[in-house]
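Reading through the structure tokens given below for one structure.
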Amino acid sequence: MIVEFEDEALAEIENAISYSEGRFGTGERLSREIQSSILRIAEDPFRFRKNHLGVCIHHLPPFPFYLVFEPRKDTRIIRIYALGNTSRRPNYWKSRIPPLP
């Protein structure tokens with residue numbers, strides 16, 4: 001499957017890695033966890049349950065982050081909408097999600 005990113009999601013990933021590196025020295029570790037998670041999602045995106053908005057959430061322990069994504073069978077595209085923070089601005093990314101058909 002093809003993985004595509006919203007521009008905002010890419011910016012969030014870059015900002016989280018930069019912040020984690022500067023503040024805690026864990027930016028490289030976070031970067032590896034994000035990459036590994038994206039590979040796991042791409043291997044079998046339909047093992048994740050969709051929520052009421054039609055998107056899936058994949059948490060990145062031990063980090064306080066999660067990926068918001070939507071796998072599409074018809075186009076074979078996985079759309080990454082956001083890298084959310086579990087303790088800041090919950091659900092701010094909802095406006096990025098297209099309405100369900």
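Quick look at the values:
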quantity	calculated
All positions within the range 1-27 that are without any contact (Cβ under 8 Å) to a residue 24 or more places away in the chain, more than 19 Å from Ile97 (Cβ to Cβ) and assigned to a helix (DSSP H, G or I)	Glu14, Asn15, Ile17, Ser18, Tyr19, Glu21, Gly22, Arg23, Phe24, Gly27
Output for the range 52-95, where each listed residue is farther than 18 Å from Glu4 by Cα and surrounded by 20 or more Cβ atoms within 10 Å (Cβ to Cβ)	Phe65
Members of the range 65-90 that are in a strand (DSSP E or B), of a type in the set (Val, Ile, Thr) and over 10 Å from the mean Cα position of the chain (by Cα)	Ile77, Ile78
All positions within the range 1-25 that are farther than 24 Å from Lys73 by Cβ and either small (Gly, Ala, Ser) or surrounded by 17 or more Cβ atoms within 10 Å (Cβ to Cβ) (or both)	Ala11, Glu12, Ile13, Ala16, Ile17, Ser18, Ser20, Gly22, Gly25
Candidates Phe63, Phe46, Phe69 - the one that is touching a residue at least 24 places away in the same chain (Cβ under 8 Å) and out of contact with any helix residue (DSSP H, G or I) (no Cβ under 9 Å at 6 or more places or on another chain)	Phe46
Qualifying positions in the range 28-43 - small (Gly, Ala, Ser) and free of Cβ contacts under 8 Å to residues at least 12 places away in the same chain	Ser36
Contacts under 6 angstrom Cβ, first residue in the range 76-90 being hydrophobic (A, V, I, L, M, F, W, C), partner part of a loop (DSSP other than H, G, I, E, B), 6 or more apart	Ile78/Met1
Residue in the range 28-51 that is surrounded by 13 or more Cβ atoms within 10 Å (Cβ to Cβ), in a strand (DSSP E or B) and of a type in the set (Ser, Thr, Tyr) present	no
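Every number in this text was worked out from the coordinates using simple rules, so none of it is lab data. The structure presented is a predicted model; accordingly, all values stated were derived computationally and were not measured. Because the Cβ atoms are built from the backbone with ideal geometry, glycine has one as well, and the counts that use them run over all protein chains shown.
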